[in-house]
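Values quoted throughout were computed directly from the atomic coordinates according to the rules given, and no laboratory measurement underlies them. Not measured: the values here are computed from a predicted model. Here the Cβ positions follow ideal geometry from the backbone for every residue, glycine too, while neighbour counts run over all protein chains shown.
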């Protein structure tokens, strides 16, 4: 498969859905990718088994404040510098790129990086959706997170080693204010064989399929949701949005079109949906809120009274459940510092 400029809008729509209300707006990255592909022509998208087993693969994305990123617009420079710093530290040449996360802006920035570096893009990612922290990846504990390279918009480059993923996350967050609140990041340098074993597979294909479906929904109707295993949880009007600190999130109340009151818990992303007190969807499954008329996704930060919305559920990639209860603790509600809900209360 080759990613061309004609696929950018669909990829952007799919990455927005996989952001589950978070992950950052994709508008600017969509423009960057369209420009990159107009220059390079296309980017090869394939699986890790098409590379030599020992080929060097890295995950690339952005870390920090999406708002700051819109004030200091990304360019090729930050991402290329991060990749070259990694190559210099390792004394090896990168053979392929993978998106750090397919949800939100990073799904597009990974593709941009492949185009800017002239490298293939793996049809995979490290999160399967959007998550708020670097250590919430399927690669964590499977391959070393470092050396990790950060590159900021003013030209700063930092390469660091950390004993584990949680330490790396803490170090990066501590440095971000001095780097302008966001930076390009190149991390998890490992072999193609390792990436093929532990990454979330078919992520780019999934985002394109979701995006193309969404482009047709308004004209052809909600029956198309069945084709991507999506289900509508409820439809109604937002009557209250209570926000706490950014790292905690908040709660929205939605009045059903017929009867009943629905509750939607959110942090950086939507994480838990209740229907009259019964939990009906929880992370790692994706909760998507869209405008009831236009089907345009509504992010956590843009959710407000008195929007008329549909609340939808999309299944998490199977890799986020691999490992049973341990995976549920790592990628489920505990990832957002929330207590799990009874499994019988959340239909899959």
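Annotations for the structure displayed:
- D_trans [Stokes-Einstein, Kirkwood Rh over alpha-carbon pairs] for the stretch 117-191, 4 °C, 1.567 mPa s, µm² s⁻¹: 98
- Nearest-ten-degree value, helix 105-117 long axis tilted from longest Cα axis of the chain: 20
- Taking every alpha-carbon pair under 8 Å whose residues sit at least 6 apart, the chain reaches a relative contact order of 19 percent.
- Helical contribution to [θ] at 222 nm, DSSP H n ≥ 4, -39,500 (n - 2.57), averaged over the chain, rounded to 500: -9000 deg cm²/dmol
- Using every pair of separate Cα atoms, the Kirkwood estimate puts the hydrodynamic radius of the stretch 229-345 at 14.4 angstrom.
- With contacts taken as Cα pairs under 8 Å and at least 6 residues apart, the stretch 254-348 reaches a relative contact order of 24 percent.
- Set against the 2.2 N^0.38 Å expectation for a compact globular protein, the stretch 271-316 has a Cα radius of gyration ratio of 1.15.
- Mean projection area, nm², convex hull over Cα of the stretch 201-290: 7.1
- Comparing mean-square fluctuations of 55, 313, 283 from a GNM of the chain with C-alpha springs under 10 Å, the top value falls on 55.
- For the stretch 161-315, the convex hull drawn through the C-alpha positions has a volume of 163 cubic angstrom per residue.
- In range of the label at residue 228: residues from the stretch 306-345 whose backbone nitrogen is under 19 Å from the point 7 Å along Cα→Cβ: 309-320
- The antiparallel fraction among DSSP beta bridges confined to the stretch 2-203 stands at about 70%.
- The stretch 180-213 and the stretch 241-303 have Cα centres lying 26 Å from one another.
- Between residue 205 and residue 261, full extension at 0.36 nm per residue minus the direct alpha carbon distance yields a gain of 16.6 nm.
- Cα pair count fraction exceeding 18 Å, expressed as % - the stretch 4-144: 53
- Shown for 256, 226: other C-beta atoms within 10 Å of each C-beta, ranked fewest to most, produce the order 226, 256.
- Nitroxide proxy distance, nm - points 7 Å out along Cα→Cβ at residue 87 and residue 75: 2.0
- For 127, 262, 70, order by how many other beta-carbon atoms lie within 10 Å, fewest first: 70, 262, 127
- Residue with peak Gaussian network fluctuation, the chain [Cα springs, cutoff 10 Å], from 118, 110, 155: 155
- Sequence of 143, 58, 257 once ranked by neighbouring C-beta atoms within 10 Å, starting from the fewest: 257, 143, 58
- Per residue, the convex hull around the alpha carbon atoms of the chain comes to 125 Å³.
- Based on Cα contacts under 8 Å between residues 6+ apart, the stretch 7-125 shows a relative contact order of 41 percent.
- Förster-model FRET efficiency, 35 Å R0, residue 68 and residue 216, C-beta, rounded to 0.05: 0.50
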